[in-house]
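All remarks here apply to the structure that follows.
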Amino acid sequence: MDEINRTDALADRYWDELLELEPTLGTSVGDERYDDRLPDPSETGRAKSEAVHRAALVDATGIDRAGLDDTRAATLDVVEAIARRFLAAIEHRTDRLSVANHLWGPGQSLGEIASFQQADTPERLERYEARLRAYPAYLEAWTEIGREGIAAGVTSPRVVAERSVAQVERLLALPVEESPALMPAADDAARDRIAAIVRDAVNPAHEVFLGVLRDYLPHATETLGLSSLPGGDAMYAAEVLSWTSLPLDPRAVHELGNERFDAIQEERHRIAARLGYASSAEALAAYTASGADTAESPEALVALVEDQVRRSWDAAAPWFGRLPSINCEVRAVEAFREADMPMAFYNPPTEDGSRPGVYYINTYDLPSRELHAIAGVTFHEANPGHHFQIALEQEAEGLPRLRRFGGILAGSAFTEGWGLYAERLADEMGLYLDDWERLGMLENQALRAGRLITDTGLHALGWDRERAIAKLQDGGSPRTDAEIEIDRYIAMPAQALSYMTGMIEIEKARAAAESSEGAAFSLPDFHDRLLALGTVPLPSLARSFGS
């Protein structure tokens, strides 16, 4: 078999193996083959995962790339990055930090699955019921991992464990009829069937798991960063590589964050002066006091976001040669998880289009959802940000399904970098209505620079929570958002580095294209070429543009 066929066969095989190991990934993209099961976090599951990823890595590194086109070379980059990422997680047993984790832990998985699984046919309903019945064994496997973590002295920080306990408590406080598990139900008969399983299997399993989390609390660490754990520095290095696809030095990242943060603060100062104020803090205090910066109701906030999504969609054609087939949908974050979730996030569409891309906006603590900051978030999460990049990737002809749907497993720096780039691009597109919204965009940019500072501060330099929160507040983040964000970085080491790291590499690629093409440079063509790459490790991006 020649190298081209070997690459194509590896990509197809590895994708199928990934979906069997991570069945909820398949559900999220509309591949229903494994919708009747949950991931296996047990020792047996880890051994199977290690074998799959090690074999894929051996096969990928054994293919001679000399005769491959750029697309297939990037496919091998993606295979290697995914395999190394999973193998590093197994080596460093980072699963021990997921037991009590309000963002990635088992306690929040029910709502996440229910938000994208379908149960509108008899076959789909049966698969969903089987998945729900698997919850007792699934949570018991996580219980064993928690015990191992306690014995090894590797446990989540108290603030994360406490959020995890509160999350499951809120879930169990809901009447069965209001459980998020019922979201996929297509009719009353399906609701009754799902409710019975929630009552008989899912809720009892969560009750047991809640007891486990409460017992876990005394063992949670009072420290916050990975560097305080046994082997923590190596764990953080692995997480940095996993999320950014680059072997970055935390101290260099910290300094880069400070440089970017200071430059953005100067931009904010110039806009405040244009608005007639001595500082951005003074300007925003006055704007808040006027009442213009707060939505009257959750419904009003959702309506504002819907308008931003429509306007950004309508304005996109001159800036892109190719657009997604359909716009995304806007939804409010559900009440049971809104207190722990960020301001906004995006869930991709399914392959067959049966579920659109969904942009979630958080209406919790409405006074803290400052309206001037919402536009930049919308343009990051929806258009021309994540929805454009991810939907176009899924619709790309000629890419294997591993690349169309699984590239994010190779690290999030390309995707998050595009989202952050899109916030600036939106200003070029004329999407911000006034300088107040531009200030909001710069607050979001300062937040991402602040992430470089605070994530490395927390996990490598011994920062405490209050110092990290204060840094984000210096950049304009409200206290509520700053707390949620910092607790997220504590729970997800190095993920926060993806955004600014990825944007910088995209900026370098654009500068390289402008330099090499001169007067022939076309921004729509650059965007099309960039997004046609799909989600790739950052070294692949640099190679493609010579940046």
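Nothing in this text is a laboratory measurement; each read-out follows from the coordinates by a stated rule. Since the model is a prediction, treat every value here as computed from it, not as a measurement. Neighbour counts are summed over all protein chains in view; Cβ atoms, including those assigned to glycine, are modelled from backbone coordinates with ideal geometry.
At a threshold of 8 angstrom on Cα-Cα distance, excluding pairs fewer than six apart, so keeping six or more, what relative contact order does region 243-545 reach in percent?
RCO, region 243-545: 26 percent.
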If the chain between Phe521 and Glu43 were fully stretched, how many nm would it gain, using 0.36 nm times the residue separation less the Cα-Cα distance?
166.8 nm
Go through 415-422, 527-534 and give me the packing order, highest mean Cβ count within 10 Å leading.
415-422, 527-534
Provide the FRET efficiency to the nearest 0.05 for the Ala286-Glu207 pair, computing r from the beta carbons and using R0 = 45 Å.
0.35
Relative contact order (percent, whole number), the chain, Cα cutoff 8 Å, 6+ residue spacing:
18
Could you give the distance between the Cα centres of region 1-69 and region 300-337, to the whole Å?
33
For the chain, what is the convex hull volume of its Cα atoms per residue in Å³?
146
Which net charge results when you count Lys and Arg as +1 and Asp and Glu as -1 among the other residues whose beta-carbon is under 15 Å from that of Gln495?
-1
Counting other C-beta atoms within 10 Å, which of Thr378, Thr288 has the fewest, and how do the rest follow?
Thr288, Thr378
Please work out the FRET efficiency for the pair Glu50 and Ala189, using the Cβ-Cβ distance as r and a Förster radius of 45 Å; give the result to the nearest 0.05.
0.60
Checked against the positive end of the charge dipole of the chain (+1 on Cβ of Lys and Arg, -1 on Cβ of Asp and Glu, about the Cα centre), the farthest of His527, Leu97, Leu229 is Leu229
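Could you give the dipole magnitude of region 3-232 about its Cα centre, charging the beta-carbon of Lys and Arg +1 and that of Asp and Glu -1, in debye to the nearest 20?
Working: 25 positive and 41 negative charges, 151 e Å.
With only Lys, Arg, Asp and Glu charged at Cβ, the dipole is about 720 debye.
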Hey, fewest Cβ within 10 Å first, where do Ser279, Ser109, Ser242 land in order?
Ser279, Ser109, Ser242
Add +1 for every Lys or Arg and -1 for every Asp or Glu among the other residues with Cβ under 15 Å from the Cβ of Gly546, and state the total.
-1
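With the cut-off at 1.5 for a/c, could you classify region 3-232 from its C-alpha gyration tensor as rounded, prolate or oblate? Show your work: numbers first, answer last.
On the way: a/c = 2.65, a/b = 1.26, b/c = 2.10.
It is oblate, given that a/c is not under 1.5 and a/b is not larger than b/c.
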For the chain, the helices passing both cut-offs (Cα extent along own axis of 30 Å or more, Kyte-Doolittle mean at least -0.5, full DSSP H runs) are 70-92, 435-460
Row for region 243-545, column shape: gyration tensor on C-alpha, a ≥ b ≥ c, rounded if a/c < 1.5 i.e. under 1.5, prolate if a/b over b/c, else oblate; value rounded
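Can you give the net charge of the other residues whose Cβ lies under 9 Å from the Cβ of Met441, counting K and R as +1 and D and E as -1? Display every interim value, and only then the final one.
Working: positive: Arg424, Arg438; negative: Glu423, Asp427, Glu437, Glu443.
Net local charge, Met441 excluded: -2.
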